[in-house]
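Everything on this sheet refers to the single structure shown next.
Derivation of every value follows stated rules applied to the coordinates shown; laboratory data play no part. All of these numbers come straight from a predicted model, not from anything done at the bench. Because the Cβ atoms are built from the backbone with ideal geometry, glycine has one as well, and the counts that use them run over all protein chains shown.
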Amino acid sequence: MNKYIKFVIAAVIIALGVYLMFNRNIGWGVVLVILSGIPIALFFKNENILLAFWQLRKQNLAKASKYLANIKDFRSQLHKSQYGYFHYLQALTMAQDHPQKTEGLMKKALEYGLNMKHDRAMAKLNLAASALAKGRKSEAQKLLEEAKRLDSAGLMTDQIKMIKDQMKMPTMQKHMHNPNMRQRGKF
């Protein structure tokens, strides 16, 4: 549903509430005016994003991705403040099945903006992990430090420590080639 239709629905509910108030049904009019706040609140916080967050909290990734699939055109259905969270949730739901797609989605989420510090820290942590997997240690170190700075509550200290331990391990690509073995033949 287009985001501006929600304002039209709210205006119709308010008009109906005012009509009821003028026809001596003040109680029902007040109830309708109060209920008109629901479509206005859903303009700023999309119902599909809220349901996807709820399903992610229950760790039901299939249902969360189903709710995100209901958003066909995020620019027409979401408020600008939710563009980042749409990409963030897509990246989190795709992380297990398609880990190579998460880096681009997390970068888009950070470009559009995430309001909460721990969400930005989680995005930076995922970007650090993908940079480390691609062999870009300096970029991974920088992103890891930013994630550590943003994680003020200490919720991701274990994950940060795990990635730092992975950074200390030698990469197999550099140690696979022994220069002394290049000229040796079979005998």
Check your understanding: In percent, what relative contact order does the chain have, based on Cα pairs under 8 Å that are 6 or more apart in sequence?
Key -> 12
Practice item. Of all alpha-carbon pairs in the chain, indicate the percentage at a distance above 24 angstrom. Key: 55
**Study point:** Interatomic Cα distance distribution for the stretch 1-44, bins of 5 angstrom, percent
**Key:** 6, 29, 28, 17, 11, 7, 2
Exercise for review: Let me have the 222 nm mean residue ellipticity of the chain computed from DSSP H runs of 4+ only, each contributing -39500 (n - 2.57), with the sum over all residues rounded to the nearest 500.
Suggested key: -21500 deg cm²/dmol
Exercise for review: Report, ordered by chain and residue number, the lysines lying within cross-link reach of Lys137, taken as a straight Cα distance under 19 Å and ignoring same-chain residues fewer than 8 apart.
Suggested key: Lys107, Lys124, Lys148, Lys161, Lys164, Lys168, Lys174
Study note, to complete from the structure: Any trypsin sites (Lys or Arg not before Pro) in the stretch 94-149 that lie in a DSSP loop and have at most 12 other Cβ atoms within 10 Å would be Lys134
Review point. Are there any helices in the chain, counted as whole DSSP H runs, that stretch 18 Å or more along their axis by Cα and score at least 1.0 on average by Kyte-Doolittle, and if so which?
Key: 3-22
